[in-house]
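The next block holds one structure in the form of structure tokens; read it before the comments.
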Amino acid sequence: MGKEMLTGNGAAAWGVRLAEVDYIPAYPITPQTEIIETIAKWISDGSMDASFVTMDSEHSMITAAGAASATGARTFTTTSSQGLLYGFEMIYTVAGWRVPLVMVNVSRGLSSPITLGPDHNDILAVRDSGFLQIHCETCQEVLDSVLMAYRLAEDERVLLPVMVNMDGFYLSFTREAVEIPDMEKVRSFLPEYRPEHAFFRAAKPMAQGVAVLGGDFYSYFKYQMHLASQNALEVYKEVCDDFEKKFGRKYGTIDEYMLEDAEYVLVMINSFSTLGKAAVKRARENGIKVGLLRPRFLRPFPESEIKNALEGKKAVAVIDQNISVGKGGIIYSEMAGCLYNEVDKPLLLSFIGGLGGKNISQEEFEFIFEKMISASDTGIVEPPSLLYTESELEGMTKLKEIAGKE
Amino acid sequence: MDTSTIISIKELPPEENMLPGTAACAGCGGLLTLRYCLKALGDKIIIVNAAGCFTLLTIYPFSPFRNSWLYTAMACAPAGAQGVRDALDILIKKGKLDPEENLKVVVLSGDGSAYDMALSSTSGAIYRNLDFYYICYDNEAYGNTGFQHSGASPFGSRTGTTPPGKEVPVGSQLQKKNLFDIWNSHKPPYIATVSPAYPVDLMNKFKKAEQFKGPKLFISHIPCPPGWGFDPSRSVRLAKLSVETGLWPLKESVHGEVEHTYVPKRFKPVEEYLKEQERFSHLFKPVRQEDALKSIQEMVDEYWKKHEFLP
Ligand SMILES: Cc1ncc(C[n+]2csc(CCOP(=O)(O)OP(=O)(O)O)c2C)c(N)n1
Ligand code: SF4
């Protein structure tokens, strides 16, 4: 179908359209609304044959989505931030139903204070639910990931819902040239959904979501979800191979940028890693051997790929666009856990940056590179720090003066 | 289902769609209601359940039902019903599902869910004119967690969170919410109150409801032996007393027009009903709470006066 200039939201909507989704329960929240409005328009003008319903809340929306998925319809829904948290209870429930729902989350900082800019506390709050999590850097990746998400979720070795994540504003409203795949080709990659496991039919009564009494049974079912999530790593390789064959674009569980000969590595996710890549490129021009690693999956966590990619590196700086209050960066903890038992592990530095969409400047990246180099020279790793410039502090101080607090 | 009116209990369908051997308490009026409801609805249904006592009717790998079951959560069974109904409809429309395989969608919840936590998702489902049946078994408290106060708990009742004491001798000081009117203000095609002591009335209401597409509510006032505090053998008698005293009017509303389906010839005093239950015992001893008892009777009388069945 060729290329079109699409926002991240538009790309997500195209992914849903191409996946020939049957059902979309919806509820608006900025910055995700463009996705549901685009789909609603297509359904209204007849270019998409699906059923669309606006629900009374995200709690209801996720319930309806999961229930439709359990009935055998290919289902999509999308939310962001407070909406995701409002539906939190049902995120766990739907994952436990083992239904192949695909949901796009457009990341946005959490209240309070209320804000619109992105960070990843929303999506990371549901990290342990059983939903697989794919994180996207570009609009193209959003569209492609929606298609791959259905392939993964519907595979009988996985049967878990998938969340595809992108940053609000930075990606949701950035227009990029996106290749819209041909419908016939998409069908050959993602055939019509024919449920074989969970679905409700008159001739075959089935109970779903039933109670278990006792930890023996509960543990069994929970661990089955864990194993299925791990299976997704293998299945994903097949999905990627097939995707590359059909569409020519190559994806992995991690994205490696100038990593091969790098001594120092930035770890970042989502659209801010584009800023990181630009900083890496400039640092390379100055002779610093740095690269960037971007996990595309956070669940399942691609442990062995990450370990391989970081083997022999001197220092790794994780830039967390999230804050686990009272602990620090969440991905830093994940990385530390992943590398802890490695004999030849790199030093691991932690930075919190980009909260609520705060910019990360070239100077801040340079600051991080310096810290990595000095840590590897001295062997001393400084405590985690918040990326916050003098001028940002000045700006904040001014606001405090106006508020009468200084 | 044959929609002609039945007149005697002998005409109830003999088929049982819920089999014995569940984890519900002996004498549970809700279970008896459900048994009758399922006789009326048949087995081509899916029950979408909210957290409550009846969640424990299916415990892996057992189910007492001949039909399908989906447990959702306490706040959102109507939203689960929406997902199932919409999915079935679109799959049939797209030719992916044989219409023979279609199911009626039934929400099953207690009063805590129906009157409190799921009110928003219920309102949404009625507003969207979802084609479903909603069965609420109303034991007037949160039963599964040990009988705490819910929006359905009546004035003067003792619950786990409204214990009568020196400062508050009457127990609950709030009046029961009126779920019937809350639903009715949404103008759904059919709403009814039912009772497990009046199965013929219940059955006829289902027969009537079946002709309507859209939301259909059945609220059953159900005796709960452990919560109300009475011997399980007296369950049906108590259900009957709640109707005969006028406390639980049996009625229906078709597109907003309310009619009573049974009016006792002579209303028994509410005390007859209250004094049989431990949850009202503080109204009688150590001292009679005359004001409270009077106001409960007045509330009942006012209702029937308003509807012109009492002078
Ligand atoms: C969000 C949430 N809060 C609390 C509970 C605990 N809970 C389980 S059942 C229940 C009571 C439900 O009461 P009701 O709807 O009246 O049904 P019943 O127990 O009487 O059958 C509660 C509070 C829950 N499951 N979910
Ligand atoms: S507690 Fe009451 S409502 Fe719940 S199962 Fe027992 S009798 Fe029925």
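Data for the structure
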quantity	calculated
B:I59 vs. criteria modelled with pLDDT of 95 or more, surrounded by 17 or more Cβ atoms within 10 Å (Cβ to Cβ), within 11 Å of chain A (Cβ to nearest Cβ) and away from ligand 1 (no atom under 16 Å from the Cβ)	no
Among the candidates A:E196, A:E179, residue that is of a type outside the set (S, T, Y) and modelled with pLDDT under 95	A:E196
Residue that is most open to solvent (accessible area, probe 1.4 Å) [pool: residues in region B:13-30 that are within 15 Å of ligand 1 (Cβ to nearest atom) and closer than 18 Å to B:C136 by Cα]	B:C25
Candidate set from region A:52-81 (those that are within 7 Å of another protein chain (Cβ to nearest Cβ), in contact with an Asp or Glu (Cβ under 8 Å, 6 or more places away or on another chain) and within 15 Å of A:D22 (Cβ to Cβ)); member that is surrounded by the most Cβ atoms within 10 Å (Cβ to Cβ)	A:A64
A:G395 vs. criteria assigned to a helix (DSSP H, G or I) and of a type outside the set (A, V, I, L, M, F, W, C)	yes
Top-ranked residue of region B:260-270 - restricted to ones that are over 16 Å from B:K207 (Cα atoms) and not in a loop (DSSP other than H, G, I, E, B), ranked as most open to solvent (accessible area, probe 1.4 Å)	B:Y262
Any hit, region B:173-195, residues being part of a loop (DSSP other than H, G, I, E, B), within 16 Å of ligand 2 (Cβ to nearest atom) and at pLDDT 95 or above	yes
Considering residues of region B:111-133 that are open to solvent by less than 50 Å² (accessible area, probe 1.4 Å) and in contact with a Ser or Thr (Cβ under 8 Å, 6 or more places away or on another chain) only, the residue farthest from B:Q148 (Cα to Cα)	B:G124
Enumeration of residues in region A:274-316 that are under 20 Å from A:A232 (Cα atoms) and exposed (fewer than 15 other Cβ atoms within 10 Å of the Cβ)	A:S304, A:K307, A:N308
Search result, residues across region B:128-147 that are hydroxyl-bearing (S, T, Y) and either at pLDDT below 95 or more than 9 Å from ligand 1 (Cβ to nearest atom) (or both)	B:Y133, B:Y134
Selection from region B:71-89 of residues that are open to solvent by 10 Å² or more (accessible area, probe 1.4 Å), within 8 Å of chain A (Cβ to nearest Cβ) and aliphatic (A, V, I, L, M)	B:A75
Residue tally, condition in contact (Cβ under 8 Å) with a residue 60 or more places away in the chain, of a type in the set (A, V, I, L, M) and assigned to a loop (DSSP other than H, G, I, E, B), over region A:74-110	2
Test result for B:G95, part of a loop (DSSP other than H, G, I, E, B), modelled with pLDDT of 95 or more, more than 16 Å from ligand 1 (Cβ to nearest atom) and closer than 30 Å to A:M48 by Cβ	yes
Answer residue from region B:138-164, given it is touching a Phe, Trp or Tyr at 6+ places or on another chain (Cβ under 6 Å) and in a loop (DSSP other than H, G, I, E, B) and is farthest from ligand 2 (Cβ to nearest atom) among those	B:G151
Selected residue [within 16 Å of ligand 2 (Cβ to nearest atom) and basic (K, R)] from B:R85, B:R35	B:R35
Selection count where residues are closer than 26 Å to B:L217 by Cα and touching a helix residue (DSSP H, G or I) at 6+ places or on another chain (Cβ under 6 Å), scope region B:143-187	10
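The values are calculated or read from the model by the stated rules, or taken from the named source; none is laboratory data. Predicted model only: the values in this text are computed from it and were never measured. Heads up, the Cβs are rebuilt from the backbone with ideal geometry, glycines too, and the neighbour counts pull from every protein chain shown. For the accessible areas, the whole protein counts, side chains as well, though only heavy atoms, and no ligand, DNA or RNA atoms are used. Shrake-Rupley method; radii C 1.70, N 1.55, O 1.52, S 1.80 Å.
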